[in-house]
Amino acid sequence: MQIERGRIRFFSQVLKESDPIHFDLDAARTAGHPDLVAPPSFFMVVEALANEELKRLGRHSAVDIVKCDFRYLLHGDERYFYRAPIYAGEEVEFATKVVDFYDKKGGAMEFVTLESTITNSRRGLLVRSQRNLLHRLPQPRT
Amino acid sequence: MNQIDLTQAEVGAALPEVEFGPISRGTLALYAGASGDHNPAHIDTDFAKKAGLPDVFAQGMLSFGVLSQVVTRWAGVDRVREIGARFASITQVHDRITCKATVTERFEADGEQRVRLALTASAQDGRETLVGDAVVAVG
């Protein structure tokens with residue numbers, strides 16, 4: 001999918017980013033970047049876009065596969081490894097692997113470990129993530 | 001902004017803090033739109049109450065995004081190699097969060113000088129919401 005300039009700008013504004021490389025094209029270019037630079041947590045925007053794309057194509061995303069229930073979903077921890085910036089205007093690919101899935105307390109707590117990457121065909125791996133999410137269910141699934 | 005010289009950053013040095021909020025319902029709605037995280041538990045009070053929650057609460061990645069600024073405002077996004085955090089408690093609507101970072105280690109990896117930072121985000125009542133660390137290139 002393509003990274004849109006407007007999306008980086010909007011995301012940066014909501015987070016009150018102070019560095020103009022995230023919202024001012026001239027500032028980004030003066031700092032030596034080809035276009036607006038995505039902030040570190042923009043990763044999740046790329047993931048959301050990828051999930052929308054999969055939905056349009058009628059395919060399942062990782063959150064579908066683990067039967068993500070937003071009423072009970074909590075973040076455990078996450079870690080991002082940054083190799084290179086994500087720039088506006090470029091095409092990126094998003095991929096996720098379900099690394100682990102287990103439950104505790106007779107199925108009332110579910111844990112999932114996801115590993116995801118964002119890559120650009122020319123520049124290679126840009127960002128990698130490792131995330132643990134959990135469901136605190138009122139009762140085990142049947 | 002760079003009150004502590006990157007190349008001279010010593011273990012124990014504290015970085016300038018970043019404050020955010022109080023987080024309004026408006027901010028939660030805008031973040032939902034900007035991020036693509038449309039989980040209704042953050043934007044729809046009716047949904048939150050039906051799920052047994054007291055109210056809507058902030059998106060985890062909103063806090064993570066604010067926390068990352070403690071690192072990027074100091075070092076610039078280009079130097080950030082790694083950011084990790086554990087979600088210690090839920091950030092509620094109207095919380096005001098303060099993010100802090102301290103240098104904990106200097107080391108060399110992949111041919112460059114790096115520092116590790118200990119990161120925390122906490123709410124106005126002292127409750128920690130995010131606890132993590134980051135690795136930044138300083139060479």
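Since every read-out is calculated from the coordinates, none of them should be taken as a lab result. All values derive from a computational prediction rather than experimental measurement. So basically every Cβ, Gly included, is an ideal-geometry build from the backbone, and we count neighbours across all protein chains shown.
How large is the convex hull of the Cα atoms of the range B:10-137 per residue, expressed in Å³ as a whole number?
107 Å³
On a 0 to 90 degree scale, rounded to 10, what angle separates helix B:60-75 from the longest Cα axis of chain B?
20 degrees
Roughly what would the spin-label model give for residue A:84 and residue B:124, points 7 Å off Cα along C-beta, in nm?
It is 4.5 nm.
Across the Cα atoms of the range A:5-136, what radius of gyration and what greatest pairwise Cα-Cα distance (Dmax) are found, in Å?
Using the Cα atoms of the range A:5-136, the pair Rg, Dmax is 16.6, 57 Å.
Taking each residue in B:26-32, count the Cβ atoms of any other chain within 10 Å of its Cβ, then average. What number comes out?
That average works out to 2.
Please report the equivalent ellipsoid semi-axes of the protein assembly as shown, computed as sqrt(5 x eigenvalue) of the Cα gyration tensor, largest first, in whole Å.
Computed over the protein assembly as shown, the values are 29, 22, 19 Å.
Give me the angle, in degrees from 0 to 90, between the Cα long axis of helix B:25-35 and the longest principal axis of the Cα atoms of chain B, rounded to the nearest 10.
Orientation of helix B:25-35: about 60 degrees from the principal axis.
Distance cut-off 19 Å, Cα to Cα: go down the list A:67/A:104; A:16/A:55; A:105/B:50; A:16/B:100 and report the pairs above it.
In this structure, A:16/A:55; A:105/B:50 exceed 19 Å between Cα atoms.
Peptide B:55-67: average number of partner chain Cβ atoms within 10 Å per residue?
Counting other chains' Cβ atoms within 10 Å and averaging over B:55-67 gives 4.
Among A:3-9, B:20-26, A:134-140, what's the highest-first ranking by average C-beta atoms within 10 angstrom per residue?
A:3-9, B:20-26, A:134-140
Multiply the residue gap between residue A:68 and residue A:125 by 0.36 nm, knock off their C-alpha separation, and tell me the result in nm, one decimal place.
My answer for the length gained is 17.8 nm.
Between residue A:91 and residue A:105, how many nm apart are label points set 7 Å from Cα along the C-beta direction?
4.6 nm
Averaged across B:79-90, how many Cβ atoms of other chains sit within 10 Å of each residue's Cβ atom?
Taking the mean over all residues of the peptide, I get 5.
Give me the one-decimal nm value for the distance between modelled label points at residue A:137 and residue A:16, 7 Å along each residue's Cα-to-Cβ direction.
Inter-label distance under the simple model: 4.0 nm.
Taking the Cα atoms only, what angle lies between the long axis of helix A:5-14 and the longest principal axis of chain A, rounded to 10 degrees?
70 degrees
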